[in-house]
1. Compute the relative contact order of the range 22-129 as a whole-number percentage, counting only Cα pairs closer than 8 Å that sit 6 or more residues apart in sequence.
2. By how many nm would the segment from residue 24 to residue 46 grow when fully extended, if each residue of separation counts as 0.36 nm and the alpha-carbon distance is taken off?
3. With N set to the residue count of the range 22-129, report its C-alpha Rg divided by 2.2 N^0.38 Å to two decimal places.
């Protein structure tokens, strides 16, 4: 009796999880967009000032201590971050659709490849069946019209 109550609880909790449809492969790709956004944000906060100073020490701007990739990109485009995020989320959405399309086409592609493999095997078997025996002379290319000379 003591085990019946916990078993009933776990069964009731497992039913909604089992009833859910499996996630589409594209959902996993689309779920990567926030992580890519955070990684890109971390890269944009990278201070490249010392690298710029080392590459060209005579153009050193002594008053600009922190020169991040974000600051450099914003100089010419005030909407840089908005455009970058739109590209990240747009690209991951397009990739998710592509992955879903490949997943939908995968059974048909698999059947086609199996059929190609089967046909190629049959063609190879048929070509080996019609070969002359190994001890036969190489008479398979003789000209049957020996009276007429070859036209060159």
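Rule-based calculations on the coordinates, nothing more; no lab input. Please read all numbers here as calculations on a predicted model, not as lab measurements.
1. It comes to 39 percent, rounded to a whole number.
2. This chain segment gains 4.4 nm when fully extended.
3. That ratio works out to 1.94.
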